[in-house]
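A short worksheet on the structure shown next.
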Amino acid sequence: MTGLTFLDLPGEIRNQIYRQLLLLPSLSTPRRLGDPPIYPEILSVCRKVYEEAKQILYGCNTFLAHPNLLNGLPRLRLYYDTISNTSLIALMTRYHIRVRLDCDPNFSAHQAEKAFTGVEELVIEVFQAQFGSSDHKVLRLFERIRGVKRVKVYGSVSAFPEYVSWLEDTMMSPVGSEVAEFTSGT
């Protein structure tokens, strides 16, 4: 009688193992000691493990969107290499982007809409060089995004909380839906 191999385990158990080996906490989750290690080497075990594990690694982690290219050249963390393989990028459903209010972001509303419409999660971390020196104009580039299941906009947004709430709701509205423009006091 031969012994049990990893691939003989039920898929649910293999997925739990992949999650333990490949998932990092969300970027917006505070961590005192940094990120735990991950073990992407498991993807090189065999073709079947690669196909199963890549779904977890790329589909369940939150990736840093490129500040200008958005979902082009994302990375898992700043200290990881960028990812250029389009088939792997297509598996990604969770993004975190840092947006500076007092600089030109070098992407258009159309590019933001194309990159993030329909993703599972979009976290927009907002910052500026000087507190209170900017308005929400740069965030208007995200107004055409729809169909995001979870949205969080945080950071230097205390000057316009109504707009942030409206923007989050707008991005979570169904794809193709029309949303009334933001007006102060709504």
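Quick note: the coordinates plus some simple rules give every number you see, no bench work behind them. Owing to the predicted nature of the structure, the values given are computational and were not obtained by experimental measurement. FYI the Cβ positions are ideal-geometry reconstructions off the backbone, even for glycines, and counts take in every protein chain you see.
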Indicate the gyration tensor shape class of the stretch 18-107 (rounded, prolate or oblate), computed on the Cα atoms with a ≥ b ≥ c the square roots of the eigenvalues: a/c under 1.5 is rounded; otherwise a/b larger than b/c is prolate and the rest oblate.
oblate
Hey, what angle do you get for helix 161-172 against the long axis of the chain, alpha-carbon based, 0 to 90 degrees rounded to 10?
50 degrees
Nearest 0.05, what FRET efficiency do Asn106 and Ala129 give at R0 = 22 Å with Cβ-Cβ as r?
0.85
Test of understanding: ordering Phe6, Phe160 by Cβ neighbours within 10 Å, fewest first, what list do you get?
Phe6, Phe160
For Tyr95, other-chain or 5+-apart residues with amide H closer than 5 Å (H placed, Pro excluded) are Phe63, Glu121, Leu122, Val123
Nearest-ten-degree value, helix 11-22 long axis tilted from longest Cα axis of the chain:
60 degrees
Residue exposure sequence - Thr82, Thr29, Thr170, Thr2 - by fewest surrounding Cβ within 10 Å
Thr2, Thr29, Thr82, Thr170
Which residues in the stretch 53-79 place their backbone N less than 15 Å from a point set 7 Å from the Cα of Phe6 along the Cα-to-Cβ direction?
53-57
State the label only: which of (1) 113; (2) 143; (3) 103 corresponds to volume of the Cα convex hull per residue in Å³ computed from the shown model?
(2)
Assuming a strict under-29 Å limit between Cα atoms, what lysine pair count do you get for the chain once near-sequence pairs (fewer than 8 apart, same chain) are dropped?
8
Sparse-neighbour loop sites [trypsin sites (Lys or Arg not before Pro); the stretch 1-86; at most 16 other C-beta within 10 Å; DSSP]:
Arg31, Arg32, Arg77
Which of rounded, prolate or oblate describes the stretch 147-186 when judged by the alpha-carbon gyration tensor and an a/c cut-off of 1.5?
oblate
With 10 angstrom as the radius, rank Tyr95, Tyr79 by how many other C-beta atoms surround their C-beta, starting from the fewest.
Tyr79, Tyr95
Based on the Cβ-Cβ distance of Lys48 and Ser184, what FRET efficiency does E = 1/(1 + (r/R0)^6) give at R0 = 45 Å, to the nearest 0.05?
0.20
Under 1.5 on a/c is rounded, so check that first for the stretch 1-61, then, if it is not, pick prolate when a/b is larger than b/c and oblate when it is not; a ≥ b ≥ c are the square roots of the alpha carbon gyration tensor eigenvalues.
prolate
Only loop residues by DSSP count here, and only those with at most 16 other Cβ atoms within 10 Å; note down the trypsin sites (Lys or Arg not before Pro) in the stretch 97-186 that meet that.
Lys149
In degrees from 0 to 90, rounded to the nearest 10, what is the angle of the helix 47-60 Cα long axis to the longest principal axis of the chain?
20 degrees
Choice from Leu78, Leu141, Leu167 with maximal GNM fluctuation in the chain (Cα, 10 Å cutoff):
Leu78
